[in-house]
Amino acid sequence: MNGRYNIKTETATNILTEEDLRMNNIDLRAQMKKEGVRQWQVAEALNFDESVFSRKMRHELSLEEKQRIFEAIEKLSKEEK
């Protein structure tokens with residue numbers, strides 16, 4: 001997939017729990033869950049320490065940061081298949 005990623009709220013609610021919906025970066029979390037990619041794998045792919053990436057995810061990220069992460073998720077999911 002190229003371009004911007006858009007996960008509609010109704011899609012996200014099918015994938016995530018009520019607790020997940022209160023978190024920041026819900027679109028990223030939903031995509032990771034949907035693709036079966038773990039947060040530590042994304043961190044590793046982007047050359048982040050796992051704890052640094054986890055802290056970054058606590059706050060809503062910019063669209064540019066999200067795009068990089070979506071691309072990493074896509075690449076990782078293809079490698080798994």
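Numbers at a glance
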quantity: Members of region 47-58 found to be part of a loop (DSSP other than H, G, I, E, B) and within 13 Å of the chain's Cα centre (by Cα), listed by number; calculated: Met57, Arg58
quantity: Some residue of region 37-46 being touching an Asp or Glu at 6+ places or on another chain (Cβ under 9 Å) and in a loop (DSSP other than H, G, I, E, B); calculated: yes
quantity: All positions within region 61-81 that are within 16 Å of Asp27 (Cα to Cα), surrounded by fewer than 13 Cβ atoms within 10 Å (Cβ to Cβ) and acidic (Asp, Glu); calculated: Glu64
quantity: Residue in region 4-13 that is touching a helix residue (DSSP H, G or I) at 6+ places or on another chain (Cβ under 9 Å), basic (Lys, Arg) and modelled with pLDDT of 95 or more present; calculated: no
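The values are calculated or read from the model by the stated rules, or taken from the named source; none is laboratory data. Nothing here was measured: the structure is a model prediction, and the numbers come from that model. A quick note on method: Cβ atoms are made from the backbone with ideal geometry, for glycine too, and the neighbour counts reach across all protein chains shown.
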